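Data block below; observations after.
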Amino acid sequence: FAGKSRTASPLSADYGTFEFKVSRLEREARGLAAGSDLGGAIEHAAKVFEGAKKVGDRQRILIVVSDGDIFAAELSKAIDAARKAGVTIYAIGVGDPAGSRIGVPKADGSGKDFIVTRRGLGYVIEG
């Protein structure tokens, strides 16, 4: 979701459709720009949930599968939008078992810091 966010699987209780769409994600991602706009994706999901019919007391859940690299500083705004739409976000991180660098925006918005994960060593911030 580097460019424009889109819905990969429609909101539905039909688990078969969801499983089918998940099995095709790699093929559907071909030709898409590299990178992530996690904030844009979360805001898109919040808008989709706002327009969806509320069914009883069913939870509104967003599952985000990501390498954790955050490019936009608007993430807190997106999370607030999801919260207002009544959406609970579950995040699943994927990466390299040997460890990797994960870019995160600096608190002052002046660039990026990197969280470096090393197998068994936890997290190290590199500026």
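Only protein heavy atoms count here; on that basis, with a 1.4 Å probe, ARG27 has an accessible area of about 120 Å².
Distances between placed amide hydrogens fall under 5 Å for LEU62 paired with THR88, ILE89, TYR90, all partners being 5 or more residues away or on another chain.
The listed residues GLU43, GLU26, once ranked by accessible area (1.4 Å probe) with the largest placed first, stand as GLU26, GLU43.
With a 1.4 Å probe rolled over the protein heavy atoms of all chains, the accessible area of ILE92, ILE102 falls in the order ILE92, ILE102, largest first.
Rounded to the nearest 10 square angstrom, LEU38 shows an accessible area of 30 square angstrom against a 1.4 Å probe. Pairs with C-alpha atoms separated by more than 26 Å, drawn from the list LYS21/LYS112; LYS84/LYS112; LYS4/LYS53; LYS47/LYS112; LYS54/LYS106, are LYS21/LYS112; LYS84/LYS112; LYS47/LYS112; LYS54/LYS106. Ligands, DNA and RNA excluded, the heavy atoms of PHE49 present near 20 Å² of accessible surface to a 1.4 Å solvent probe. When VAL48, VAL87, VAL55 are compared by accessible area of protein heavy atoms, the largest-first order is VAL55, VAL48, VAL87, using a 1.4 Å probe.
The values are calculated or read from the model by the stated rules, or taken from the named source; none is laboratory data. This is a predicted model, so every value here is computed, not measured. For the accessible areas, the whole protein counts, side chains as well, though only heavy atoms, and no ligand, DNA or RNA atoms are used. Shrake-Rupley method; radii C 1.70, N 1.55, O 1.52, S 1.80 Å.
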